[in-house]
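Below is one structure; the comments refer to it alone.
The values are calculated or read from the model by the stated rules, or taken from the named source; none is laboratory data. Model, not experiment: these values are computed from the prediction. Cβ: placed from backbone, ideal geometry, glycine included. Neighbour counts: every protein chain shown.
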Amino acid sequence: MRAQIDNLLKEALAHFAAERGFTDAYDLDPRLERTRDPKHGDFTSNIALRLSKDLGNPPREIATTLLAFIPKSALIANVQIAGPGFINLTLTSKAYQRELTKILEAGSMYGCSNIGKGQRVLLEYVSANPTGPLHVGHGRHAAYGASLANLLRATGHDVHEEYYVNDAGRQMDILTVSVWLRYLQLLGLDLRFPANAYQGDYVREIAQKVQTTLGEKFVITDHTGLSKLLHADSADSEKLLDLLIAKAKEMLGQEKFSALLKEALSSVLTDIKDDLAEFGVHPQRWYSEHSLTEGGAIDRALKRLEEQKMLDVRDGATWFKATEYGDEKDRVVVRANGAKTYFASDIAYHFEKRERGFDLLLDVLGADHHGYVARVRAGLEAMSEPGDSLEVRLVQFVTLYRGREKVQMSTRSGEYVTLRQLRTEVGNDAARFFYVSRSNDQHLDFDLDLAKARSNDNPVYYVQYAHARVASLLRKMEEEGFRVEHSDMPELTCLTEEAEHTLLVSLSRYPEVLQLAAVNRAPQHLLQYLRGLSANFHSYYNAHRVLVEDAKLRNARITLALGTRQVLHNGLTLLGVTTPDNM
RNA sequence: GCCCCGAUAGCUCAGUCGGAUAGAGCGUCCGCCUCCUAAGCGGAAGGUCAGAGGUUCGAAUCCUCUUCGGGGCGCCA
């Protein structure tokens with residue numbers, strides 16, 4: 001709808017420009033907006049105000065000239081100049097009736113557009129270390145990323161979703177050692193378990209599984225050295241972990257250590273994949289960090305940097321001269337001990353994404369990662385890739401509440417609420433909905449009690465209920481022996497109530513909302529809209545009877561309800577929320 | 001010290017290329033509730049948009065400074 005009105009104004013502007021003898025010199029985008037106050041009509045443009053300065057004419061005069069050029073249209077009832085020079089357009093009721101028809105014709109495609117023009121987007125999100133179950137923070141990343149992917153697809157982007165698996169590096173080694181120690185304990189060895197190893201029960205479960213499937217493969221005969229290490233009072237507990245890792249590799253041998261690591265990794269990863277799948281999150285690819293090394297991507301990236309003379313050896317380590325690209329300090333890519341840093345994998349990974357032909361690398365990261373955005377961008381630029389091909393959206397933290405009471409969590413002790421627990425408690429729908437209810441760069445207070453409530457205070461319930469209410473109406477209609485005549489569109493001209501007009505206007509905004517939400521990477525706009533639409537529908541339902549005796553009016557009202565159901569369905573589906581017919 | 005995010009009604013928050021009289025939900029107050037199964041419905045009161053300057057025809061929105069709050073700054077991942 002907006003696009004149609006927009007075109008009319010653009011046409012007028014083209015005439016106007018031709019008459020005044022200028023063409024592309026000025027910004028001639030009408031920047032059509034919805035009015036806030038219905039007194040100002042339905043749409044408004046401030047183009048006359050914006051042109052006024054450049055043209056040296058008063059805005060109202062420009063507006064008057066422009067107004068004469070607006071083509072006649074069945075969609076526009078009235079055009080007025082108001083205030084300092086706004087052009088206000090009031091639409092005909094026919095325009096809204098047509099839009100309702102379009103909703104039902106387009107069905108699940110209603111609202112989709114091609115503003116993305118097929119841009120190839122690699123959306124990376126969650127990418128939690130595979131060292132334990134996902135917790136409620138990861139849930140927010142998952143819900144946000146998945147909704148964003150849906151929004152981008154609906155607006156014509158070619159989206160590829162990816163989860164980066166950090167399956168190399170120290171954290172995996174620590175997990176492996178944790179599993180190994182639990183495994184040895186299971187087999188009766190009396191060993192102390194370090195406080196900073198992975199504490200969760202899932203470590204014991206993996207150990208149990210290893211023992212069941214692989215038996216005593218990882219048993220060691222002489223464990224005095226290990227025991228001694230564990231009971232030594234080491235001041236530096238991190239150092240102890242490193243020593244333990246070295247000891248484990250030495251005692252088991254690299255091959256068995258790797259086998260154990262693989263077991264641990266696959267257990268955790270399987271759990272994460274199942275968890276996300278149940279949550280409606282399906283990355284197309286699980287990209288292994290390990291494969292970066294194997295595939296030579298790290299070497300290619302380093303070589304590229306070398307060619308650009310962007311590497312420097314100091315103190316035995318290899319540094320990337322990030323400062324030359326605006327970073328605050330240079331960054332190590334290869335440590336003095338020869339190990340490549342996490343940062344090296346990271347720029348290699350992003351470089352490799354570009355090699356795969358993606359236009360936009362869209363990363364969803366935790367707010368604690370903001371520091372490395374500049375680094376990775378610097379890396380891309382140093383490798384002659386455009387810095388703005390990387391876009392990062394940071395997700396702030398989640399705090400759980402039960403009513404007024406804060407739920408205490410501590411990642412360190414392994415006492416945190418998992419995503420699975422949350423989903424089990426409040427359900428997938430409420431979780432998906434609540435997670436994207438606030439802007440990603442705001443802290444989120446997640447109220448478990450509210451999310452579970454079956455009352456209108458609960459926004460997800462409220463919106464789903466609007467959908468169910470339509471279904472209920474249709475059932476009732478059948479019971480009463482009525483039916484919708486589909487032969488030709490019912491006479492929507494019967495929809496003359498104010499509440500009906502409000503609802504029609506709200507429905508017609510949906511495509512604009514999708515674009516706004518996609519462009520701003522802001523699913524909460526869609527959510528906010530759905531709440532408003534539901535409110536409009538509920539008020540309408542409360543004020544007016546749909547299943548009236550008059551067949552014409554009844555058909556028109558049912559059609560309006562069906563349109564509402566369609567838009568609610570389309571919107572909720574993009575957010576990963578189901579649309580029940582019964583509640 | 002440097003960097004990022006935030007501050008809007010009693011509470012939780014919308015307000016996204018600057019636009020006309022700043023919105024919603026909850027709570028409060030006042031009515032209503034024999035009605036398409038719907039745990040309710042309608043209305044009202046409620047604001048120094050943290051503060052101060054600036055840009056602009058026009059600022060909650062952009063810029064600068066200040067105050068307060070949250071987070072981040074490793075040859076960790």
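Things worth noting here:
- A:GLY21 falls short on exactly one of the conditions (1) more than 16 Å from RNA strand B (Cβ to nearest atom); (2) in contact with a Pro (Cβ under 6 Å, 6 or more places away or on another chain), and that condition is (2).
- So A:ARG60, is it on the phi < 0 side of the Ramachandran plot, more than 9 Å from RNA strand B (Cβ to nearest atom), in contact with a Pro (Cβ under 9 Å, 6 or more places away or on another chain) and in the same structural domain as A:ILE87 (by TED's automatic domain parsing): yes
- All positions within region A:214-237 that are exposed (fewer than 11 other Cβ atoms within 10 Å of the Cβ) and in contact (Cβ under 8 Å) with a residue 12 or more places away in the chain: A:GLU216, A:HIS231
- Taken as a whole, the structure leaves A:LEU189 outside the set of residues that are hydrophobic (A, V, I, L, M, F, W, C) and in a helix (DSSP H, G or I).
- Residue list for region A:42-97, restricted to those being over 21 Å from A:GLU19 (Cα atoms) and hydroxyl-bearing (Ser, Thr, Tyr): A:THR44, A:SER73, A:THR90, A:THR92, A:SER93, A:TYR96
- Listed here are the helices (runs of 4 or more DSSP H) enclosed by region A:505-583 that have at least 2 residues being free of Cβ contacts under 8 Å to residues at least 60 places away in the same chain, within 10 Å of RNA strand B (Cβ to nearest atom) and buried (at least 17 other Cβ atoms within 10 Å of the Cβ): A:523-543.
- Taking the conditions (1) near RNA strand B (Cβ under 10 Å from one of its atoms); (2) more than 23 Å from A:ASN166 (Cα to Cα) in turn, A:VAL334 satisfies each one other than (2).
- A:THR493 fulfils the conditions (1) within 14 Å of RNA strand B (Cβ to nearest atom); (2) in contact (Cβ under 8 Å) with a residue 40 or more places away in the chain; (3) surrounded by fewer than 22 Cβ atoms within 10 Å (Cβ to Cβ) except for a single criterion, (1).
- Single unsatisfied condition, A:GLU328 versus (1) at pLDDT 90 or above; (2) assigned to a loop (DSSP other than H, G, I, E, B): (1)
- Set A:SER127, A:SER73, A:SER113: member being in a loop (DSSP other than H, G, I, E, B) and touching a Phe, Trp or Tyr at 6+ places or on another chain (Cβ under 8 Å): A:SER127
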